[in-house]
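Engineer: One structure, as structure tokens, below. Some questions next.
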Amino acid sequence: MQDDKALVKRLQKRDEQALSLLYDKYSGAIYSVLLKMTRNEVLAQDLLQETFITVWDKAHQYNIDKGSFYTWVYRIARNKTLNSFRKQNPFIQTDDFSVYVNKTEDASLDSEFLELNGALSKLESKYKTAIELVYFKGFTHREAYKEMNVPLGTFKSYVRQALKLLRDSYDTTLFVAFILIEIVR
């Protein structure tokens, strides 16, 4: 931890050697997480590179009093991965539950998205909020339970129950996006 403090301070002063040392120390663990999340070596390698570019660019935002350096880098990597999934799948990309409209074509509605929207709207408020925080707003479970002001275990049971209800009421092939993200957790 003490070594990290010194290296992070050097990194925040734009010391490239500090970035190199931190990369050597953490890239293996972060790559392993990325590989598990993506199940794609090329994508995991790209995301690892993007993660450490962001670490370099945003090092000044890291606050050692708020958590470990590894956790901060992990969250950057996780968010990069989720963003890459969102780019690949418009069902995950939306921040609200409004209708997804392809702007390059006339206002044609995607029937599969409408089906997902309908399934989500049938959930009880607590389940819908839990899904929205984790899957659409990118909160971690630890951030989201605080946002909902419930115990962590209760929040996790909300997510599990919501996923079960969605699975029961929603076309299995379209539910894959939710399952992929849940497996990663």
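The values are calculated or read from the model by the stated rules, or taken from the named source; none is laboratory data. Everything quoted here is computed from the prediction, not taken from an experiment. Note: ideal-geometry Cβ built from the backbone for every residue, glycine included; neighbour counts use all protein chains shown.
Engineer: Only residues that are basic (Lys, Arg) and at pLDDT below 90: list them for the stretch 43-73, please.
Structural biologist: Hit for the stretch 43-73 is 66, nothing else.
Engineer: At pLDDT below 80, assigned to a helix (DSSP H, G or I) and under 30 Å from residue 16 (Cβ atoms), is that true of residue 87?
Structural biologist: For residue 87, the condition - at pLDDT below 80, assigned to a helix (DSSP H, G or I) and under 30 Å from residue 16 (Cβ atoms) - is met.
Engineer: Moving on. Run down 42, 55, 8 and say which single residue is out of contact with any Cys (no Cβ under 8 Å at 6 or more places or on another chain) and within 24 Å of residue 137 (Cβ to Cβ).
Structural biologist: Sole residue among the options that is out of contact with any Cys (no Cβ under 8 Å at 6 or more places or on another chain) and within 24 Å of residue 137 (Cβ to Cβ): 55.
A quick yes/no check of all residues on (1) touching a strand residue (DSSP E or B) at 6+ places or on another chain (Cβ under 6 Å); (2) surrounded by 19 or more Cβ atoms within 10 Å (Cβ to Cβ); (3) modelled with pLDDT under 50:
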{"residue": "78", "(1), (2), (3)": "no, yes, no"}
{"residue": "98", "(1), (2), (3)": "no, no, yes"}
{"residue": "122", "(1), (2), (3)": "no, no, no"}
{"residue": "144", "(1), (2), (3)": "no, yes, no"}
{"residue": "169", "(1), (2), (3)": "no, no, no"}
{"residue": "174", "(1), (2), (3)": "no, no, yes"}
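Engineer: Can you name every residue in the stretch 37-72 that is β-branched (Val, Ile, Thr) and within 17 Å of the chain's Cα centre (by Cα)?
Structural biologist: 38, 51, 54, 55, 71
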